[in-house]
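Below is one structure, written out as structure tokens, with a few remarks after it.
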Amino acid sequence: MIDNNCIFCKIIKGEIPSAKVYEDGEFVVFKDVEPKAEVHLLAVPKDHFPHLSDLDGERAEVLSHMLAKIPQIAAENGCVGGYRLVINQGEDAGQTVRHLHIHILGGEPLAW
Ligand code: AMP
């Protein structure tokens, strides 16, 4: 599903520019426009759904595929000594874009 009002759907469709570092049939990875670490990437499924709590079997398979690919993508993009994955779910976590995404943070020692 695509949501025409969603900024990440617009990035996926190429309507808004992004610094893409990876793309396959299931998801894209691009640089966060306001990086919170030396390396800050966002892994975003092409199927629009807002929250981790919206996962069903098919979406869980996509998420599993993303998690399997992320180690290689992180390594190729400068996460040498490790990295942190973050999914913000909902208001209390500060989620601002309501299209599920995994933050990949690294490239330096991270404070908690
Ligand atoms: P979250 O708070 O988990 O919803 O994270 C949303 C992230 O998307 C933030 O870190 C933003 O900096 C990032 N972001 C918003 N708009 C763009 C954009 N056009 N290109 C790249 N990253 C973006």
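Brief remarks on what is shown
- Just one of the numbered conditions (1) in contact with a His (Cβ under 6 Å, 6 or more places away or on another chain); (2) farther than 15 Å from K20 by Cα is not true of A68: (1).
- All conditions but one from (1) exposed (fewer than 11 other Cβ atoms within 10 Å of the Cβ); (2) more than 16 Å from the ligand (Cβ to nearest atom); (3) farther than 25 Å from W112 by Cα; (4) of a type outside the set (F, W, Y) apply to A68; the one that does not is (3).
- Elements of type strands (runs of 3 or more DSSP E) contained in region 3-64, each with 1 or more residues being at pLDDT 95 or above and exposed (fewer than 14 other Cβ atoms within 10 Å of the Cβ): 20-23
- Enumeration of residues in region 74-112 that are away from the ligand (no atom under 16 Å from the Cβ) and either closer than 20 Å to D47 by Cβ or of a type outside the set (D, E) (or both): A74, A75, G78, C79, V80, G81, G82, P109, A111, W112
- In region 96-112, residue least open to solvent (accessible area, probe 1.4 Å) [restricted to those that are in a loop (DSSP other than H, G, I, E, B) and β-branched (V, I, T)]: V97
- Tabulated pairs, region 43-72, first of a type in the set (G, A, S), second assigned to a loop (DSSP other than H, G, I, E, B), C-beta under 9 angstrom, 6+ apart or interchain: A43/H101; S53/Q89; S53/G90
The values are calculated or read from the model by the stated rules, or taken from the named source; none is laboratory data. Treat the numbers as computed from the prediction; the structure is a model and nothing was measured. Here Cβ is always computed from backbone atoms with ideal geometry, including for glycine, and neighbour counts include all displayed protein chains. Side chains are part of the model used for accessible areas, which takes the heavy atoms of the whole protein and leaves out ligands, DNA and RNA. Shrake-Rupley method; radii C 1.70, N 1.55, O 1.52, S 1.80 Å.
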